[in-house]
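Structure record follows, encoded as structure tokens.
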């Protein structure tokens, strides 16, 4: 059975445009994969705590020396990582806030980047340990940034995912959402069309 992990990071939960694009893709994916399983993680409804020295120390502590509080931090991180490890497909809803990713998503990244668990250092450099998964990123922006120096999201998200082994990443952009209704509707229609193109091969293979 194929599993899709949906991660939405909008502050507005399901009302965010990135969440709605992600939801559109997931609904189409489910239609093409009726036997598939969808696991949902909404970082607005269930925020991941921001990294602190104490939480980071829990990751560094030897397993047999952890305090109960440290073990709870590691167990929480392990659950997030298990969701990623069990997924065949990942759909990420990604809004842009002040040129960056939501802080809740950064906190999530900080809890799934674990040395020896999701990546390791080798003589040839770092090696990601989460592999053979397809990632779709649904990026919603108020302005026009894709392909410009102000798009700090795309390279960062691609680099982070690649660092933990997720190298097959595809972005769908909906931009200009704050530049008037005409711009917004055009962008959403184009993003919807792109989602349809992504899912069409899945329907044909079903």
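So here's what we get for this one:
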quantity	calculated
Any hit, segment 38-57, residues being crowded, with 19+ Cβ neighbours inside 10 Å, part of a helix (DSSP H, G or I), in contact (Cβ under 8 Å) with a residue 12 or more places away in the chain and out of contact with any strand residue (DSSP E or B) (no Cβ under 6 Å at 6 or more places or on another chain)	yes
Yes/no for residue 161 being assigned to a loop (DSSP other than H, G, I, E, B), touching a strand residue (DSSP E or B) at 6+ places or on another chain (Cβ under 9 Å) and in contact (Cβ under 8 Å) with a residue 12 or more places away in the chain	no
Exclusive hit being crowded, with 17+ Cβ neighbours inside 10 Å and out of contact with any helix residue (DSSP H, G or I) (no Cβ under 6 Å at 6 or more places or on another chain), set 95, 102	102
Sole exception among (1) surrounded by 14 or more Cβ atoms within 10 Å (Cβ to Cβ); (2) without any contact (Cβ under 8 Å) to a residue 40 or more places away in the chain; (3) within 17 Å of residue 17 (Cβ to Cβ) for residue 169, by number	(3)
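Where a number appears in this text, it was derived from the coordinates with a stated rule and is not lab data. All values derive from a computational prediction rather than experimental measurement. Quick reminder, even Gly has a Cβ in these numbers, built from the backbone with ideal geometry, and neighbours come from all protein chains shown.
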